[in-house]
Amino acid sequence: MKKKRCDHCHLEYDTSFLIEDRSMAHPYYFCCKGCQGVFHLLRSEGLDTFYDRMGDVTLTPPTESLDDIARFDLDGFVSKYVKQNKEGFSEISLIIEGIHCSACVWLNEKVLSKKAGIVEVSINYSNHKAKIVWDTSCIKLSEIIATIRSIGYNAYPYDPSLQEERANATRRDYYSKLLVGIFTTMNVMWIAIAQYSGYFTGMQSNIKSILNFAEFVLATPTLFYTGSVYFKGAYYGIKNRYVNMDVLVATGASLTYIFSIYAMFSKNAEVYFDSVTMIITFVFAGKYLEVLTKKKAVDTLDAFGGSMPSEVIVIVGEEKILTSVESVEVGEIIEVRAGDKVVIDGIILSGEGSFDLSSLTGESIPQLHGKDDKILSGSICLDSVIRYKATQTFSSSTLSKIVSLLEEAMTKKPQIEKLANSISGYFSMTIFLLAIATFAGWYHYSGSFERALIVSISVIVVACPCALSLATPVATLVGLGLAAKKGIFFKEAGFLESMAKCTVLALDKTGTITKGTPEVVAHRVLKPFDDAYIYALVSQSTHPISKGIKAFLEREEKGLFGKRLENIKSVEAKGMKATCEGHSIVGGNSHMLIQEGIVFDIPLEYISLSQFFVAVDGEVVALFGLEDSPKEGAKESIEKLKHLGLEMVMLTGDHLKAAQAIAAQVGLVNVQAGLLPAQKAAYIETLQHEGKNVVMVGDGINDALALAKAQIAISMGSGADVAIEVSDVVLRSDTLESLYESFVIARKTLYTVKENLIFSLTYNLITIPLAMSGYVIPLVAALSMSLSSIIVVTNSMRITLLKFVTKKGS
């Protein structure tokens, strides 16, 4: 007999003796529950490298069984995954395994909320992440986990390093089940065509029996393999006295299957194995679509925090010590160098330099900070060595607060989801009760068990939620496909519906409405000189201002090459200087002029712009004013968005004059300027309190909190990684025209979904009474059910014929 080693103790046993554990990405094998428990314990504590170190050494299995439920109360586990909130309660983020519909969310929240000591339960259906708050004096975490397991689900602490692995395993499992369902359905329908033809034209009994058996062979794996998820859901639904959609699907498919077996052997009726495969496969296709359109497995918060350094340089006397960010205390001296990211808020003690604040304000132009200026976590030092005093701890610094606020925002559940969870079982319960009542009525009326069973099966089959289940996923799948062709990516199918219902569009300025790169908008020549001097000077720098001037000169003039600079010197956060052909060339901001002893009054029209002065031999010869200009076609796209009836507002961290100037160019009236990230989010909340559904469009870390607060978050493809991670929709084309198209696709998709639902409900209102009256045999029920599905799919495909407005008023 084949032997295999235990994955913990490495002792060798017959494979039939080992316990197979499939709770992780690939199966593990253990000789006893004790080894299994220790393995899980070491893995959860991050000590699984122990097995790499032990090599081929064997261990003695634990003498006592160690159930892994006990690990949830261990000090090491608690310190790693559990945190205390402001009220003193314990809080943990768990992944609930086994959730596949809104009823599952409702059931878990309902059962857990009834447990004494549990203060709050909130489960996010999109990523199955649960936030649980409890009082440790009343209930242990292990008891909470045991409760979840008792109703047929599993729970484990959220660990981003393992989340992608588990999600991939789930997708592979669903994919293999769907392939089986599709294969059997395609083949059984060819056989069914022959069956239906023979029903009307006649068919020899022996041929019919062969076809019946072939359908039976194909329907069996579909029902018990592809449909296993529904049987499991139905079992736990009934166990917890809750009739969900799984009960209806499993009951309809099982009764049809059982009756078909009876008909196959008795030859007294028609078989309906084709209905079995269609019921299971069509509904499961919708489930698989949900799996594919879930949010990205790696949580946004971890990607957000993952970009932050874990250590900083702390100055103690004359010594530099590398210290973890969590251990830095208020008042300690921290050093940051060029390219370093600030992780703790503070005040500069020595040095000055340019800081990139785009991660906080969204504005691309660096700001000069010197002694006694405040610097915020999340900013990047571009060109200097700075020492500053910490005024906050890591946990209370700006970026950490944004992470905390974002986490809180992500746990908020929209009201429509709560409503859907509470009513999700009503349809299934109604159909189930109608089928039972039909069976009882017909059995009493006719006295025939077979006749009563056929009629009740007809009720379940004709009312099977195939059309209802296809109404949303097929339309959204077509909408998602059309959007993808246009470079618009919805991270979840449900976001199409949510976006279509939104009436307010909030736009970030920099990188969303504008190009995100400063351009020369004002240029004044004060004294004749050779522009080649300026071109040679700015070509030596990678600063955004220098790039903007260089691009301007390249557009305006030719033959700017050939000047060779000498004695080039870059002055931190101010500018640069050099000599060329005996002339002293200086370029930079007003601080650079002061340093060089050059006096110059800034013209009034340049005050709201970023200035770049050029001085030759101590005299200012040219002045450039730069600002970020709107993207090409922005005005036209915004006009078309207005035509959709959207209320539009610009949210920006830039000063009011600059923001109003951009707004005037693109046709926006409502401008909210000078906003910090939390203020953007607060404004979104204000709109929501007024009963408005908001779409937020941004591209920077500073937009992440507002994006999380909005009903729909959209980021431009060229935006910051964090903005893309937290968003629900990504526009890869990076244009406002793409934003307009996303709204049109979302609204058309929702309209189609509503058409499908109205048709499906009308179909059920007509066919269910007919089936209950005995006018619809299972064969006709299956045909009408198939026809309803075809109509829904055909109607959904009409989305691909969508036309977009190409000009105003068209």
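Data table
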read-out: Förster radius 60 Å - calculated FRET efficiency between ILE193 and LYS642 (Cβ-Cβ, nearest 0.05); value: 0.70
read-out: Highest to lowest packing among 618-626, 446-454, 316-324, 705-713, scored as the average C-beta count within 10 Å; value: 705-713, 618-626, 446-454, 316-324
read-out: Exposure of ASP356 as accessible area (Å², to 10), given a probe of 1.4 Å and all protein chains; value: 40
read-out: Spin-label model distance (nm) - CYS138 vs LEU761, 7 Å beyond Cα toward Cβ; value: 3.9
read-out: Where the stretch 542-658 is the region considered: accessible area per residue in Å², 1.4 Å probe; value: 51
read-out: Förster-model FRET efficiency, 56 Å R0, PHE265 and THR15, C-beta, rounded to 0.05; value: 0.90
read-out: At R0 = 35 Å, FRET efficiency that the Cβ-Cβ distance of GLU557 and GLU632 yields, to 0.05; value: 0.90
read-out: Pair ARG798, ILE207: separation of 7 Å Cα→Cβ label points (nm); value: 4.0
read-out: Protein-only accessible surface order, largest first, of VAL538, VAL180 at 1.4 Å; value: VAL180, VAL538
read-out: Å² of accessible area per residue within the stretch 488-529, as computed with a 1.4 Å probe and no ligands counted; value: 36
read-out: ³J(HN,Hα) computed for each position of the stretch 534-540 - Karplus, 6.51 cos²θ - 1.76 cosθ + 1.60, integer Hz, glycine/proline x; value: 5, 4, 5, 5, 6, 5, 7
read-out: Most to least accessible of TRP442, TRP134, TRP190 (protein chains only, probe 1.4 Å); value: TRP190, TRP442, TRP134
read-out: Fully extended contour minus Cα-Cα distance, from GLU319 to ILE436, at 0.36 nm per residue; value: 34.0 nm
read-out: Under-5 Å amide H pairs with THR136, H placed in peptide plane, nonlocal only; value: SER90
read-out: The stretch 474-538, accessible surface, carbon-and-sulfur percent (1.4 angstrom probe); value: 57
read-out: Carbon plus sulfur fraction of accessible area for the stretch 571-619, probe 1.4 Å, in percent; value: 52
read-out: Distant-in-sequence amide H partners of TYR156 (H built 1.01 Å from N, under 5 Å); value: ILE95, GLU97
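The values are calculated or read from the model by the stated rules, or taken from the named source; none is laboratory data. Computed from a predicted structure; not experimentally measured. Backbone-built Cβ (ideal geometry, glycine too); neighbour counts: all protein chains shown. Please note that ligands, DNA and RNA were not included when accessible areas were found on the heavy atoms of the full protein model with its side chains. Shrake-Rupley method; radii C 1.70, N 1.55, O 1.52, S 1.80 Å.
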